[in-house]
Structures are given as C-alpha cells and as structure tokens.
1. In this structure, is R55 in contact with a Phe, Trp or Tyr (Cβ under 6 Å, 6 or more places away or on another chain) and either of a type in the set (S, T, N, Q) or surrounded by 20 or more Cβ atoms within 10 Å (Cβ to Cβ) (or both)?
2. Out of curiosity, is I61 exposed (fewer than 14 other Cβ atoms within 10 Å of the Cβ), modelled with pLDDT of 80 or more, within 25 Å of A7 (Cβ to Cβ) and among the β-branched types (V, I, T)?
3. Go through region 1-43 and count every residue that is of a type in the set (G, A, S) and part of a loop (DSSP other than H, G, I, E, B).
4. Give just the number: which of (1) within 22 Å of C124 (Cβ to Cβ); (2) hydroxyl-bearing (S, T, Y); (3) at pLDDT below 90 does Y49 not satisfy?
5. What are the residues in region 92-133 that are surrounded by fewer than 10 Cβ atoms within 10 Å (Cβ to Cβ) and at pLDDT below 75, if any?
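The values are calculated or read from the model by the stated rules, or taken from the named source; none is laboratory data. Note that the coordinates shown come from a computational prediction; the quantities given were computed from them, not determined experimentally. Quick reminder, even Gly has a Cβ in these numbers, built from the backbone with ideal geometry, and neighbours come from all protein chains shown.
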Amino acid sequence: GALASLAAADLALNGIPVDMVYLFGAPRAGNLGWAFFYNELLALKNVTYRLVNQRDPVPHIPYTGITFMRGYHHVGIEVWLKEYDFVQCNDVLAFEDCRFSPTCFYNEDERCSASQSICLTPTCIHMHLGYFNEASDDKLCKAGC
C-alpha cells in the first residue's frame, strides 16, 4: 500500500495521468506535509481508495499519538471493509483544521477504522493477509497464489 502511493505520486510528478489507486492495508506512509502534497497538490485524494479490512493493525502504524507536523498520516479516501459491508469514510478534517493541532489525524475519519484500538492478535494480523478472503502471502497459500 505505501509503495503504491509513492508510485502514484511519482507517476503524477512525471506527467503520467493516474486514474485510480487502490491501497490494501496501507500503513501511514509520510508526515503531514507528504499527505497534503499527495492529496491536495498532486490532486490524488479523490482517485485513491485506501481499503482497511476490519481490524487490520497495519493501517494504524506507525502510531505517533501527538501528530503536530511530525506524525504519520494517511493519503486518499478510506474504505472500511466491515464484515460483509463497507463504509466510505469522508468525514475528515481539512488540512487547515489539522495543521496546528497536536492531536488531529489528518484524513482519518474517527467513525471508521480509526475508531478501533490497535489489535495484534493472530486473528487481526490475518485480516492484513486476507483481503476479500484471498491470502496475499505465499506462505499461507497452499495453491501458490
């Protein structure tokens, strides 16, 4: 997920149109300046969908607690996969509202995956490896996915 956002930014910077970006279980990839640059200056926010599988722990890292200009932030629009349903999470604060706040996570809707505490049980870790019930790690896939 993080590499896909970096690749999309690189393409956009080099004048190559980016129609759609899907990030599966992406961690927070950069600081507030990076998220603003990606979302607003490169105008990639509305074409980037960040899918989060229920209680997947990876989208909650790196965790910083206090975010003022140094914490990590997400890019794109979150789509929270919750059992057999999904929620598109658009109720986020604008960059200007977060810029000087020590506790604001820019671009994270508190009603979605951010409402969950970080979970490190084997069940939650498996949620990172199995989006849409497809194993994404060859070690877990007997058929050689």
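1. Working: in contact with a Phe, Trp or Tyr (Cβ under 6 Å, 6 or more places away or on another chain): no; either of a type in the set (S, T, N, Q) or surrounded by 20 or more Cβ atoms within 10 Å (Cβ to Cβ) (or both): yes.
Considered against the rule, which asks whether it is in contact with a Phe, Trp or Tyr (Cβ under 6 Å, 6 or more places away or on another chain) and either of a type in the set (S, T, N, Q) or surrounded by 20 or more Cβ atoms within 10 Å (Cβ to Cβ) (or both), R55 comes out as no.
2. On the way: exposed (fewer than 14 other Cβ atoms within 10 Å of the Cβ): yes; modelled with pLDDT of 80 or more: yes; within 25 Å of A7 (Cβ to Cβ): yes; among the β-branched types (V, I, T): yes.
Yes: the conditions hold for I61.
3. Restricting attention to region 1-43, the residues satisfying the condition of being of a type in the set (G, A, S) are 1-2, 4-5, 7-9, 12, 15, 25-26, 29-30, 33, 35, 43.
From what's left, part of a loop (DSSP other than H, G, I, E, B): 1, 15, 25-26, 29, 43.
Going through region 1-43 one residue at a time, the tally reaches 6.
4. Answer for Y49: the failing condition is (3).
5. Once the filter is applied, which keeps residues that are surrounded by fewer than 10 Cβ atoms within 10 Å (Cβ to Cβ) and at pLDDT below 75, region 92-133 yields E96, F100, F132, N133.
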